[in-house]
Amino acid sequence: MILALVEHDKGTPEELSLEALAMARELATAEGDSLEAVAFGDEADALGDELGEYGVEAVHCVAHHHLERYAPDAWAESVVQLASEREAKTITAPGTDRGREVLARVGTSLDAPMATNCLAVDIADDGAYELRRNRWGGSLIEHARLDGEHKLLTAAEHEFPIEPAASPTEPSVSTFEPDVDDDLFAVQVDRVETGDEEGIPLGEARVVVGGGRGVGSAEDYDQLEELAELLGGTVGASRAAVNEGWRPHDDQVGQTGAKISPDIYIACGISGAVQHMVGCKGADTLLAINTDSEAAIVQKADWAVIGDLHEVVPELNEVLRDAA
Amino acid sequence: MSDAFPSSADTVVIGAGIVGNSLAYHLADQGREDILLLDKGPLPDPGGSTGHASNFLMPVEHSKEITHLTRRSIEQYEDMDTFTNSGGLEVARTEERMAELERRVQSAAAWGEPGRLLSVEEIEEMVPYLNTDIIKGGFYSPGAGTCDPLRAGEVMRARADEYTDGGLTVSPNTTVLDLHVEDGAISAVETDRGTVKADEVAIACGLWSPKIAAMAGVEIPLTPAVHQMVSVGPISFFEDYEGEISFPVVRDMDTQMYERQHGNDLEVGSYQHRPILWDVDEIPSIDEAPLSPTQPPLTDDAFEQSMHDALEIVPELLDDPEAGVRHEIDGLLSVTPDGAPLLGPLQDVDGLWSCAAVWIKEAPAVGEAVAQWMTRGWSDIDLHGSDINRFYEYGNSRQFVKNRAHEGFQKIYGIVHPHEQWQSSRPLRTSPFYDRQDDLEARFFEAAGWERPQWYESNEDLLERYAEELEGLERPNEWDSRWWSPIILAEHLHMRDEVAMVGDMGFGIFDFVGEDACEFLEGMAVGRIDVDVGKTVYTPILAENGGFVSDLTIARLGPDHFRLITGGAAAGSDRAWFGSHIPENADVTMIDNSESLCTLGVWGPSAREVIQSVAEEDVSHEAFPPYTAQEVTIGEVDAWAMRLSYVGERGWELYAPMGQGRRLWELVEEAGEDHDVRPVGMGVYGTTGRLEKGYRLHGHELELEYDPSEAGLSFHGIKEADFVGKEAYAEALETEDAATLCTLSVADHAPEGGEPRFMLGGEPILDDGEVIVDEEGRESYVTSAGTGPTVGKHLLMAYLPPEYAEEGRELAVEYMGQQYPVTVEIAGSEPLFDPENDRIRS
Amino acid sequence: MKVLACIKRVPDTGAKIVLTEDEQRIDTSGLGFTMSPHEECAIEEAVAQVETHGGSAHVLTLGPPEADEQLRTGLAMQADEATLLETDEEEWSPRATADALADGIDRLDDEGFDLLLFGNESADAANYQVAVRVASELGYPCVTGIKDLEVEDGTAIAKREISGGEEVYEVDLPAVVTVKEGLNEPRYASMRAKMQARRQEIESVEPRAETRAGGLEKVRLEAPETDDSPAEILGEGSEAVPEIVEILAEEVEVV
């Protein structure tokens, strides 16, 4: 049995969880094994319908009186107990902070190896997995073997298409009550502080207007802000611009910043360093505005405008404003 | 400016760093109308050394050529509004360096650039952040400053476009794949954007130049080397000062480092670390390099001592609590076997030029000078020290370049004696006399790769014999006597009394054969070439401007056979000059015999007796008159001899096949035993003997900036036949000379008492404390210096304006911070010793 | 307070990564080495915490002898001590790395560290698990992905970004915290500190790790094909604005 950790918002599965589920389903199909999901939190039992579309045969909703707030060790222990009960040998998780840290903890409990950032997984004759995973934020691919009694996998972001299963299932939904010691709640979310930042988080924006070194100053981001606003999107920045102090680090798109997946990424004055490009790989389309027609970003874009962003963006804003 | 990649161009310039941009601009300025400028990288910074240089220009060097190129470059940067005049300061931590800085002052004066010594107090005032406790003083160059080479490149491209009326195509991100050569000439440049036909191509690719040259089967001898550089900031002290730089650039000479303000940062650069040479093939591509291909990461361990030294001299700035090392690189630059640029035609492929190994501080002027060279055949600033052909056929191997670069890197900012010899890759070129000379404890100096004895320790016994004559001519000062020996003077005196053998001189020997050989050479030389077979002609070779390309001897061996003999240092460039002038379809073949024939000079009163005793032929005055050449058989050796002398004595230059050279030496040595024949060194041949005779030397007295009339070499008059430079030459003969080459002697070597001093060359000539300048703006300086033991004086040659060029005129020379009285002995070319040339003619 | 920062030496790559012929590693000829920006923040945080609370900051890595370069970067950033768990060139699996680190940390200091900082993930392998495994072996609590950290009275208050805000953890020290770039602004080392760091001694310790069957094993690396189909050039300068508007409206449908 393959057990997939699913994160959800009140019964609606998260996108990255569905991606990881797609990976798990591929494996289940190849192994002729069943696919079951484990979920925590309120309204997890509402996941049944939707997860059925993706071929999940059972949904296990973990219930514990202490688990109203996220606690990674307790989550991990619950998964371990469930896996033991259900005899799951392969456990998958989404490529999120929680998914990765919970699975890593499962790894320590089971003394099991874990492969993160997976792009594809095949099963070798001896039962080991032959997989490909991202390194360097996706600039390199590692071909690796994962072997062991238990195998743990997380999916790379935006690599597995979310497609319904050929034959939907009607999963059973059950509650799983783990036996978790108090000391496994030593690490637990104490409180949540809502940000005073307005606007749409980078990771969720449909339109991202990115600015790099070519923007030239913090003030010049006003034009990009306006464009983002006109398009209902948000502003991102390259590491170079963040290092210049023009934007806060939260705006950084790239290997050590946010990974974005908008409908369109409008990259202004960004050269297209590889560390930046791995952060915007998830964008459906890419429009580059750059003075250098040979810049790496232009090579990778779908569309490009060769010109100075300080000329193009205000003009574009004006047209969009008039149209609005 | 066109963007489309052309299928043909008049001129292709490969490389769009500061050098390529400058070359394209000046070519356009000088009339080239259809130029393609391309680079592998993007613009404005294609990723070469231009993009990471510290961009300061210190004009004063001991080389006149480099000083003048830098000064001219500053003018150009100023004209493009890309220059900031900050001044520059070289500080001394030692007394030895203070003496060197006095020499800097002297060079500054000689090359017409302002510069003065500063006291520690003055330095404190000027650069308050220096730790003056460790400084003895400094040399201040008010003309120094910083530039913006990337911006200058943009201006140059725009101007080139304007001058060509849109005839400039700039093609960045274009990789050269191959150079096409047809019938020995460049025909096209193949790139990833297409192939462009061109019969004129210049390689201005910095440290990639050898790679591009190799595509045409030719060599550009340079290697990438690391210059470590870091930038420290933000420094609060600089916050009160607007702009890029408000303080002089500081060179901490003794640690081979510099510190210069750049906005709120201090750039600290070093040449003191161990030489780190790169293989050009190891340099990452633009895509692979995190910063740029020429900015690999700092090699930390090599930089440790540099940090220590920098912290010692600018502690306050570098210890600013807010400041950190924000940028640190092993900056790659081009290093050549002798440190000078590599400019000029690559003679094995017509139409292919090198414009490489040029620093930011020289680049605009180099572009101008090479453009002049390409378009009209000569440059306003003489570039013989940078002529790429100086390494022709000996100094292009990777190993040689590596060894010399390794050695030369350590001399950057060093105190380099004007006669200092290279130690690596030696011996490289040896004559058949070498082993015997080595046995005689010859002290070898190198010229164009050839090992030449400067003097022989085995002649030490002569010091005693000539003790009286040498009195007052020995050099008590260590610097003056470094790379020198009084034995040279004793050898000289012995030659004048008895007989000496000199060899091998490392000459360039080129035979010209063919029906058109006579006519061709006639068109190249000032002197008449169509002389009787057996005659020799010493003649200037001029550029169209009437300046000197060379001076050399041509002997007629047969109706259609001439032999041209030139100095070793000029052999490569002379070969290129003559080779490139042979008209198409002319029946002239140039045969390079430089490595086939060795040369042994036998000179002195007893020379005839010695030679006659071993020669099959009659070598009497009647049978073998002066200034003629004949075949002779010396013992078993088939030789060819010219009766002439560069040292003013009776005798011959004997030329023999290299394979028989050893035998030739033995025969002469044995035959001369009764006359106490001594081998004597180039110290006699090149300096003492020459100066007493007032003979001029190419690269010293003779260069493009002076004409034969000024040099006193107008004895040929104006011949009927046309020749290169004839018009300018004729005009020079008619007009009054702005300067005349004179021989001067030092009247007092210790005017203020103490140690007598002896000038070595390059010192300014003063009148009333001021450097003498002629009406064409040329400073008077010592072109050659050396002692004339027979005349008992230390002799200097210098060009002087007519009002000073009078025999007996008293002037002064500045040397190491002092003035010494000098007297004009000869104005013009008359020899000081044996003015009627009786010795040669008897 | 004793703070430890664990780092990893990785090549400093440009836009294009070239592999060695055996596809086992990056061809680093001509390249320098560095560490992940996350780890630079870990060192900065270690030093800053010690500056606030007193104590000492220690940098640790598992790597080849040349990794002393990265340790010296840490020392130049004012860490007090550095230790190298010296390996040969071969890369260690995340489990073996964690074993060796945990064992090394045990051996480093009898009293133990109060705060153990890691980068959220390494720049190259990005296994996202070494710190968690180390924490488990040492029996310390572990929080990951932290971009805001304060220490008060033996408690670490650590914040992690979530959609629309931050979740806050309070864990007792000693604890393991993995941090992300943005946590702080790593300092540029001063020249004097860099010079002194060069002269400082770095302790080299032989790492020990359990050998286990199976696990995650690298087979080879691959440089992915990049899509080099050229972009459609919409035009030059603002003349392209109508084209942009059309794309936004028709193709992407965001207007």
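Throughout, read-outs are computed from the coordinates displayed, never taken from laboratory work. From a predicted model like this one, the values you see are computed outputs, not experimental measurements. Here the Cβ is made from the backbone with ideal geometry for all residues, glycine too, and neighbour counts use every protein chain on show.
Could you work out the percent of alpha carbon pairs in segment B:417-724 separated by over 31 Å, rounded to a whole number? So the pairs more than 31 Å apart make up 30 percent of the total in segment B:417-724. Each residue of segment B:20-25 was assigned a 3J(HN,Hα) from its phi angle through the Karplus curve 6.51 cos²θ - 1.76 cosθ + 1.60 (θ = phi - 60°); the sequence is x, 4, 5, 5, 4, 4 Hz, with glycine and proline shown as x.
If a/c stays under 1.5 just call it rounded; otherwise compare a/b with b/c (prolate if a/b is bigger, oblate if not). Do that for segment C:99-160, with a ≥ b ≥ c from the square roots of the Cα gyration tensor eigenvalues. In terms of gyration-tensor shape, oblate. With the cut-off at under 11 Å, measuring from each backbone N in segment C:122-151 to a point 7 Å along the Cα-to-Cβ line of A:Glu130 picks out no residue. Taken about its Cα centre, segment A:2-185 carries a charge dipole of about 600 debye when Lys and Arg each add +1 at the Cβ and Asp and Glu each add -1 at the Cβ.
Distances between placed amide hydrogens fall under 5 Å for B:Leu117 paired with B:Tyr140, all partners being 5 or more residues away or on another chain. Look at C:Asp88, A:Asp45 and count the other Cβ atoms within 10 Å of each Cβ; fewest to most, that gives C:Asp88, A:Asp45. In order along segment B:179-191, phi translates into HN-Hα couplings of 10, 9, 10, 10, 6, x, 10, 5, 10, 6, 10, 9, 10 Hz, rounded to whole numbers, per the Karplus curve 6.51 cos²θ - 1.76 cosθ + 1.60 with θ = phi - 60° and x for Gly and Pro. Here segment A:1-148 is described by how far its Cα atoms reach on the three principal axes: 41, 30, 28 Å, from widest to narrowest. Rounded to the nearest 20 Debye, what is the dipole magnitude of segment B:417-724 about its Cα centre when Lys and Arg each give +1 and Asp and Glu each give -1 at the C-beta? It works out to roughly 360 debye.
Summarising the strand pairing of the protein assembly as shown, around 65 percent of its internal DSSP beta bridges are antiparallel. By its C-alpha gyration tensor, with a ≥ b ≥ c as the square roots of the eigenvalues, how is segment A:202-323 shaped: rounded for a/c under 1.5, else prolate for a/b larger than b/c, else oblate? Rounded, since a/c falls under 1.5. At full extension, B:Glu96 and B:Asn477 could sit 135.9 nm farther apart than now, given 0.36 nm per residue minus the alpha carbon distance.
Can you tell me the FRET efficiency between B:Glu316 and C:Arg199 if r is taken as the Cβ-Cβ distance and R0 is 30 Å, rounded to the nearest 0.05? The pair B:Glu316/C:Arg199 has a calculated efficiency of 0.85.
Couplings 3J(HN,Hα) for segment C:92-97, derived from phi with the Karplus relation 6.51 cos²θ - 1.76 cosθ + 1.60 (θ = phi - 60°), are 9, 5, x, 5, 5, 4 Hz, where x marks Gly and Pro. Using C-alpha pairs below 8 Å separated by at least 6 residues, the relative contact order for chain C is 23 percent.
Fewest neighbouring Cβ atoms within 10 Å first, the residues C:Ser122, C:Ser238, B:Ser285 line up as B:Ser285, C:Ser238, C:Ser122. Take every pair of alpha-carbon atoms less than 8 Å apart whose residues are at least six positions apart; their mean separation over the length of segment B:403-509 yields a relative contact order of 24 percent. Note on B:Asp532/B:Gln818: beta-carbon distance plugged into 1/(1 + (r/R0)^6) with R0 of 51 Å gives a FRET efficiency of 0.45. P(r) for segment B:538-657, from all Cα pairs and a bin width of 10 Å, is 12, 40, 31, 14, 3 %, short bins first. Amide H contacts under 5 Å for C:Ser36: C:Lys8, C:Ala123, restricted to partners 5 or more places along the chain or on a different chain, H placed in the peptide plane at 1.01 Å from N. Taking 22 Å as the straight-line reach from the Cα of B:Lys361, the lysines in range (excluding those fewer than 8 positions away in the same chain) are B:Lys64, B:Lys411.
Close amide H pairs (under 5 Å, H built 1.01 Å from N) link B:Asp350 with B:Ala185, B:Ile186, residues at least 5 positions away or on another chain.
Estimated from helical segments only, the mean residue ellipticity of chain A at 222 nm is -8500 deg cm²/dmol, where each DSSP H run of four or more residues counts as -39500 (n - 2.57). For segment B:770-817, the set of GluC sites (Glu not before Pro) satisfying both a DSSP loop assignment and a count of at most 14 other C-beta atoms within 10 Å is given as B:Glu775, B:Glu776, B:Glu803, B:Glu806, B:Glu807.
Taking C:Leu85, C:Leu60, C:Leu221 as the candidate residues, the one with maximal mean-square fluctuation in a Gaussian network model of chain C, Cα springs under 10 Å, is C:Leu221. Within straight-line reach of B:Lys402, meaning a Cα separation under 20 Å, sit the following aspartates and glutamates at least 8 residues removed in sequence or on another chain: B:Glu219, B:Asp279, B:Asp281, B:Glu282, B:Asp330, B:Asp338, B:Asp387, B:Glu393, B:Glu420, B:Glu446, B:Glu451. For chain C, the number of Lys pairs with C-alpha atoms closer than 16 Å, counting only pairs eight or more positions apart or on separate chains, is 4. A cut-off under 11 angstrom between Cβ atoms defines the neighbours of A:Leu320, and their net charge, with Lys, Arg +1 and Asp, Glu -1, is -4. Taking the DSSP bridge list for chain A and keeping only pairs wholly inside it, about 25 percent are antiparallel. Using R0 = 45 Å, the C-beta based FRET efficiency linking C:Glu243 and C:His53 works out to 0.20. Working from label points 7 Å from Cα in the Cα-to-Cβ sense, the B:Glu239 to B:Glu420 distance is 4.3 nm. The residues B:Lys719, B:Lys793, when put in order of fewest to most other Cβ atoms within 10 Å, stand as B:Lys719, B:Lys793. The mean count of C-beta atoms from other chains within 10 Å of the C-beta of residues in C:132-139, rounded to a whole number, is 4. If you take the square roots of the eigenvalues of the alpha-carbon gyration tensor of the protein assembly as shown and sort them as a ≥ b ≥ c, do you get rounded (a/c under 1.5), prolate (a/b over b/c) or oblate? It comes out prolate by the Cα gyration axes. Extension gain for B:Asp838-B:Ser7 works out to 292.6 nm (0.36 nm per residue, less the C-alpha to C-alpha distance).
Beta bridges from DSSP with both residues in segment C:2-205: antiparallel share about 40 percent, rounded to the nearest 5. Inter-chain Cβ neighbour count for C:175-183, averaged per residue, equals 3 (cutoff 10 Å, partner chain atoms only). Calculated [222 nm] ellipticity per residue, helices only, for chain B: -7000 deg cm²/dmol; basis is -39500 (n - 2.57) per DSSP H run with n ≥ 4, divided by all residues, nearest 500.
With springs connecting C-alpha atoms under 10 Å apart, model chain C as a Gaussian network and identify which of C:Arg107, C:Arg187, C:Arg220 has the largest mean-square fluctuation. In this elastic network of chain C, the residue with the biggest mean-square fluctuation among C:Arg107, C:Arg187, C:Arg220 is C:Arg220. Label positions at B:Leu177 and C:Thr28, each projected 7 Å from the Cα along the C-beta direction, are separated by 3.5 nm.
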